[in-house]
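J.: Supplied in structure tokens, the structure appears directly below.
Each value in this text was obtained by applying a stated rule to the coordinates, not by laboratory testing. In this text, all values refer to a predicted model and were calculated from it rather than measured experimentally. Positions of Cβ are generated from backbone atoms using ideal geometry, with glycine treated the same way; all protein chains shown enter the neighbour counts.
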Amino acid sequence: MNTTQQSETYLVDAIERNEFFQRSVNITYDHGNLEALENFYCPISYEQTIIKMMQHIEQSGQAAFTWTGPYGSGKSSLAIFLQALINSNPQVVEAARAKLSDKNKELIIKHFSPEQHQWHVLNLIGQTTAPERLFIEALDLKNSATTEDILQALESRIDKNQRLLIFIDELGKVFDGAAKSSRPEDIYFLQQLAEFVSRTQGKMLFIGVLHQSFMAYARQATAKTHDEWLKIQGRFVDCAVTLSVDEQIHLISQVIEVNDSDLLDIRANTKFSSQVDTVVNNIASNRKTDSEKMTELLTNVFPLHPLVAILVCQLSKKNFGQNQRSIFSFLMSAEPNGFGYYIKNTKLDSFTVFTPEMFWDYLDSNLNSTIQASEYGKQWLLSQMAVNRYEELNGEMAVKLIKTVSLISIFADGTGIHASPELLKGILAANDKELEGVVSALESASIIFYRKFTQSYMLSEGSDFNLTDAIKEQLQDINTLPFEHLEQFEPVVAKAHYQLIGSLRWMQVKLLPATDSIKDTLLKLQQEVDASLVGYYCLLIPKNDDELKLALEVCETVSSSDEFNHIVIAVLDSHTTIIDMLKDKIALSNILKNEERLLNDKIARQETEGRLVEVEDALNRVLDKSLSNSKWYSKHLVEKGVLLNRFKLSSLASSIADYYVSKYFECNNELVNRNKPSPSAKGAIRELLKRMIENSDEPSLGIEKFPPEKGVYESVIVKNGLHVSEDGENYYFSEPSNERLKAVWRRADEVISKSEGELVSAQQIYDAWSEAPYGIKAGLHDILYIAYILSRHSDLANYINGEYKPTVQYLLAEYLIKVPKEVGVREVSFLEGTQSWIHVLRDRLEEEFGSRLKSKIEDEPLPIAQALVSVFFNMHPWIQRTNELSVKTKQLRNILKQANDPNQLLFDDLPRFFNARDNDEQKVEKIIQGLYEMDYKYPTLVSEINTKLLDFLKVKYEELNPFAEINKRSEALFGRSGDYLLDAYIARLVKYNGSMNDSESLISLLAGNKPAKKWIDQDITRALQQIAAYSFQFLEAEVNADVNSSPDRQKVGIITKSPSSTTSQVREAHITSKNIEEVTSRAKEIAQSLKESGLDLNDRVAVIAKLLESFEDDSIDEKEES
């Protein structure tokens, strides 16, 4: 460089920035772009993401992944890099491989190698449409293409040597669209795709790129969509894409390239090296770090001060930053006081590094409002106020120190950076005396304070509350120790027991004071155990030597007494330390509750809350260690006073669970083997119950494929031999083959037997099953109950709300799920000699009504009663309301209609229907005859309706299908009568065929649109009358509408007027195919008689007129009859 022009040279002329970092990449446009690869930096975390996917593919076949990372975290760049590794261009592949570390290069190249396999890449950009559309367009398929078509098209792109890599960038847009549409099926395709690629044995790989977690998108969706997405999420393995601080620092060094030799000399001189060393030593004193590597990284960020590089990386992780984009925005943009502004406005001859106070100015100029709106808003405002105050006082060094300390307070968490005196001295380039003066002044002004714990300065928020003194005051007033203030332990799970039988059981850990009432407390705990909570680990806390002696005595008693067989006890290790910590916790809690100075002092309150959290964490850590360091006593332990680690505590809990729940039932299905199944599990249970009730005779209950209920069916029902078939076709529910489950059946039998015929609710059976030694979980209750009653269907009568149900219906399952106490069973008594008539009834029912029953009637009271009631209720509902039955039949009908209990029906109600002298055959004959009378009542009514209809509409009976003529005439007349009521009648006749159903529809219309189940006898009478009236109107309408539906159909009329009458008389008649022959014949006879009389035409007409007058009295009746 020409030194004569150096005075006019700015840093921008001596420092180059990699301009490629300015823009975002696009996986479609930048695919195979060498320039993008040359500027790509592949950190170890990116390589680990690739290796993680490789391991899943090789070990489990899982080939569907999501990459999740915030905006600007480099996900698209990583996608381009992965595609470059398998590019068909060797130059691109070599450029990509050169970016890999020596440690992982060989492993990654082995899997992603274009030499071994030819890779195809399908790059898609997410849109707010169904994901199928993306594939249809990319694969050039028809718009009507189905999911199967898409998967087939994808499969055609892979074979033995071909592989396919699918990327969907901006996959979140697809989720946004699906969430707004409230249609979970919009992304169901992704589940199918994930399952498909995972079956290709690594030949196909799917990667979706997300900005936030999978379920974060589902939060804005409906509950139904949310539940569906939970299932879909499980088909993908999520990989977090993010960079560590070290990797981000390296990224910064890749952007900045110093070309000026003078600047390189400055970077290498002692001053800058000292600044780097100061920062590295500061980090190393606070956390473990590789000092040599960190020194090299921070040296390469020149001309940034090394602390600034770390702060920029931390900015990218805050909620007001955007990851790498925040870094590049700072480095590349022209924002005021940014790095670009710095190199354009700093002359080479007046060079100074970009210091922390400059970075503070950059934040103040560009991110002020966003920081104020964040959780760091108050700290930022306080730093601004302090800076403004000391700028007015011309305190340049104080301003620099305030800016530096505030930046470290806000951004340095987790980095190891802390504002130690040595760090501040190096940054400010001040000697000890100067630094001490500035620090002292700022401490006096309550702007900063020194924290001994971290040996660093922090930005103060101006509180004058002395927490230490307040704690001391509170400790003086603490006389008792309420141990409920101690955080209780997590339960100790009986893991071995759980793995063996699938039921989760546990023991609670209790912290108890070693007082005189300790034995009573233990006895009370002993009584609280159940089939889930099988015992207690009790830790005694003595406060003095006397209590310690008592605690040890109690431990000895527990280890040798049967009274405490659910108790395992120990004296708490480190109890003195725990008591001191507990006192501090109580003191801090009291300060937060009662100290008035905290009401208006937010800073003091936050400090107190923070101290309380620290004490609680420390206390919990000591308690956790004490659990393993204490000596335990129990009847279940071979030795007294033994140490038990977490594994042994769980093993002991399993032994106690096995002892207490000795008749356990094995079910390794987490979906249902629990007391509180999830909503999705409840849905599976409900669907399974429905299948058990409605499809019990089908293989697998008719469940197709493998929905959740199929898994429950296989693990609970099939595994235990509950659903069986002897011929491979006809299935039924049987007693279990599993011996332990047989004991569960016998327990239910005992509960029912003890009731002595009284109603037993399902809840009573559940309670018996839940108790030890069975311990059946609530999630299994409904399934086992339905299986139990179906396997005992001949012995049990089912009830809902006290009302007998002849068959097991799905309604029973709904009640069972919601209110099991309203569902119950009653045992049906076995037949005795005095009740032998029901055997005969069973045979007659099979003989007369067997075709109407679903299956053969078993020779036992319950199925016989069920069959009898079923036959009755399958008759037409009008039978239940008509009075047109014999007295005896009405008595039988009322008995059957009110039947709600098979025992009462067979052995109380029906015997009253018989005569005392009746033998078995006569008793049954009365029932059968009553059923016959009721059964034929409605068909008889239908026959009467059809007969009247044919008569009134003048249709011949001799026709092969007399209703065909009615259909034809009605179709021709429909819509032309001018009367909407008559049209409704005609509409029924258009397709009327005289069947039971058609007659029911016609009667309901004529009875005033009344449903059949509400008919009474008056409705039937009205219907018969309306048939006559509507049929006459039908005939009238045919003539008036000039409907030529039949060549024999005519209407004739004659008008006469006599001297004694003031009005004319009209005589009308209908001639149809039914009466035309008779009418024609009689007309010929009369005409021949008149002709033979010798009367002239005038007299013959007069005779006919007089003849018509003689019909006047009968005209109305004749008309109605017509």
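J.: Rounded to whole Å, give me the distance from the Cα center of segment 993-1029 to that of segment 517-548.
T.: Distance between centres, Cα-based: 77 Å.
J.: Starting from the 7 Å offset along Cα-to-Cβ, what nm value, one decimal, do you get for the label separation of Glu944 and Asn801?
T.: Spacing of the two 7 Å Cα→Cβ label points: 3.6 nm.
J.: Something else about it: Taking a 31 Å limit on the Cα-Cα distance, which of the listed pairs Lys710/Lys805; Lys682/Lys1014; Lys495/Lys625; Lys52/Lys495; Lys705/Lys854 fall beyond it? All intermediate terms of the calculation are to be shown ahead of the outcome.
T.: Numbers: Lys710/Lys805 28 Å; Lys682/Lys1014 38 Å; Lys495/Lys625 20 Å; Lys52/Lys495 29 Å; Lys705/Lys854 28 Å.
Cα-Cα > 31 Å for Lys682/Lys1014; rest within.
J.: Something else about it: Is any residue of segment 327-365 close enough, with backbone N under 17 Å, to a label point placed 7 angstrom from the Cα of Ser261 along the Cα-Cβ axis, and if so, which?
T.: What the label zone holds, given the 17 Å backbone N cut-off, is 349.
J.: Nearest 0.05, what FRET efficiency do Ala284 and Thr147 give at R0 = 51 Å with Cβ-Cβ as r? The partial results should precede the final answer.
T.: Values: r = 57 Å, r/R0 = 1.11.
With a Förster radius of 51 Å, E is 0.35.
J.: Okay, next question. Using Cα-only point scatterers and the Debye equation, what is log10 of I(q)/I(0) for segment 569-641 at each q in 0.15, 0.22 Å⁻¹, rounded to two decimals?
T.: Log10 of I(q)/I(0), two decimals: -0.61, -0.92.
J.: Counting only helical runs of four or more DSSP H residues, what would the 222 nm mean residue ellipticity of the chain come to if each run contributes -39,500 (n - 2.57) and the total is spread over all its residues?
T.: Values: 49 runs with 589 residues, N = 1122.
It comes out at -16500 deg cm²/dmol, rounded to the nearest 500.
J.: Give the distance, in whole Å, between the Cα centre of segment 751-783 and the Cα centre of segment 263-301.
T.: Here the two parts' Cα centres lie 74 Å apart.
J.: Could you compute the FRET efficiency for Ser560 and Leu523, with r as their C-beta to C-beta distance and R0 at 25 Å, rounded to 0.05? Write out the running numbers ahead of the final one.
T.: Numbers: r = 15 Å, r/R0 = 0.62.
It comes to 0.95.
J.: Can I ask one more? What length, rounded to one decimal in nm, is gained on full extension from Leu393 through to Lys1013, with 0.36 nm per residue of separation minus their alpha-carbon distance? Don't skip to the answer; put the middle values down first.
T.: Values: separation 620, 0.36 × 620 = 223.20 nm, distance 9.81 nm.
Between Leu393 and Lys1013, full extension yields an extra 213.4 nm.
J.: Here is a further query. At 7 Å along the Cα-to-beta-carbon direction for both Thr577 and Leu1097, put a label point, then send me their distance in nm to one decimal.
T.: With each label point 7 Å from Cα toward Cβ, the separation is 14.0 nm.
J.: Which part of segment 776-802 falls in the paramagnetic zone of Leu230, meaning amide N under 17 Å from the point 7 Å along Cα-to-beta-carbon?
T.: 779
J.: Could you check what % of the DSSP bridge pairs in segment 483-660 are antiparallel, to the nearest 5? The partial results should precede the final answer.
T.: Numbers: 7 of 20 bridges.
Roughly 35 percent of the DSSP beta bridges within segment 483-660 come out antiparallel.
J.: Once you have a ≥ b ≥ c as the square roots of the Cα gyration tensor eigenvalues for segment 930-1023, tell me rounded if a/c is under 1.5, and otherwise prolate or oblate according to whether a/b is larger than b/c.
T.: Details: a/c = 2.42, a/b = 1.34, b/c = 1.81.
Oblate.
J.: Tell me, what is the percent relative contact order of the chain, built from C-alpha pairs under 8 Å that lie six or more residues apart? Numbers along the way, then the final one.
T.: Values: 1547 pairs, mean separation 66.5, N = 1122.
This gives 6 percent for the chain.
J.: Here's something else I'd like to know. If you restrict to DSSP beta bridges whose two residues both lie in the chain, what percentage is antiparallel, to the nearest 5?
T.: Working: 35 of 71 bridges.
Within the chain, antiparallel bridges account for around 50 percent of the total.
J.: While we're on this one: Using alpha-carbon positions, what is the distance between the centroids of segment 128-170 and segment 98-113, in Å?
T.: Each part reduced to its Cα centre gives a spacing of 29 Å.
J.: Still on this structure, please answer the following. To test your reading of the geometry: what angle, between 0 and 90 degrees and rounded to tens, separates the Cα axis of helix 837-849 from the longest principal axis of the chain?
T.: Tilt relative to the chain: about 80 degrees.
J.: From Cα coordinates alone, what are the radius of gyration and Dmax values for segment 245-459 in angstrom?
T.: That works out to 16.4, 47 Å for Rg and Dmax.
J.: Count charges around Gln1018 for me, please; just the other residues with Cβ under 13 Å from its Cβ, Lys/Arg as +1, Asp/Glu as -1.
T.: Values: positive: Arg881, Lys1010, Lys1014, Arg1022; negative: Glu884, Asp1017, Asp1019.
Combined, the nearby Lys, Arg, Asp and Glu give +1.
J.: First check a/c for the chain, with a ≥ b ≥ c the square roots of the eigenvalues of its C-alpha gyration tensor; if it is under 1.5, answer rounded, and if not, answer prolate when a/b is larger than b/c or oblate otherwise.
T.: Working: a/c = 2.98, a/b = 1.82, b/c = 1.64.
Verdict is prolate for the chain.
J.: Taking the Cα-to-Cβ direction at Glu698 and at Arg881 and moving 7 Å from each Cα, how far apart do the two end points lie in nm?
T.: About 3.5 nm separates the two model spin labels.
J.: Using the Karplus curve 6.51 cos²θ - 1.76 cosθ + 1.60 with θ = phi - 60°, work out ³J(HN,Hα) for each residue of segment 1002-1014 in order, rounded to whole Hz, and write x for Gly and Pro.
T.: Each residue's phi maps through the Karplus curve to give 5, 5, 4, 5, 6, 8, x, 6, 9, x, 4, 5, 10 Hz.
J.: Also, I was wondering about something else. Determine the gain in length on full extension of the stretch Asn18-Lys52; use 0.36 nm per residue of separation and subtract their C-alpha separation, reporting nm with one decimal. Show your work: numbers first, answer last.
T.: Details: separation 34, 0.36 × 34 = 12.24 nm, distance 3.06 nm.
Computed gain between Asn18 and Lys52 is 9.2 nm.
J.: Going by average Cβ density within 10 Å per residue, which order do the peptides 844-852, 777-785 take, highest to lowest? Numbers along the way, then the final one.
T.: Numbers: 844-852: 14.7, 777-785: 22.6.
Taking the mean over residues of other Cβ atoms within 10 Å, the ranking is 777-785, 844-852.
J.: Okay, next question. For a quick check: sort Val718, Val301 by the number of other beta carbons within 10 angstrom, fewest at the front. Intermediate values should be presented prior to the final figure.
T.: Details: Val718 14, Val301 24.
Ordered from fewest to most neighbouring Cβ atoms within 10 Å, Val718, Val301 come out as Val718, Val301.
J.: Compute the Cα gyration tensor for segment 535-575, then decide on rounded, prolate or oblate, letting a ≥ b ≥ c be the square roots of its eigenvalues: rounded whenever a/c is under 1.5, prolate when a/b is larger than b/c in the other cases, and oblate in all that remain. Intermediate values should be presented prior to the final figure.
T.: Details: a/c = 3.38, a/b = 1.65, b/c = 2.05.
Oblate.
J.: FRET efficiency for Ser350 and Thr270, Cβ-Cβ distance as r, R0 = 35 Å, nearest 0.05? Display every interim value, and only then the final one.
T.: Details: r = 20 Å, r/R0 = 0.57.
Once rounded, the FRET efficiency stands at 0.95.
J.: Next question. Could you put Asp908, Asp795 in order, starting from the residue whose Cβ has the fewest other Cβ atoms within 10 Å? Working shown, then result.
T.: Details: Asp908 11, Asp795 18.
In order of increasing Cβ crowding within 10 Å: Asp908, Asp795.
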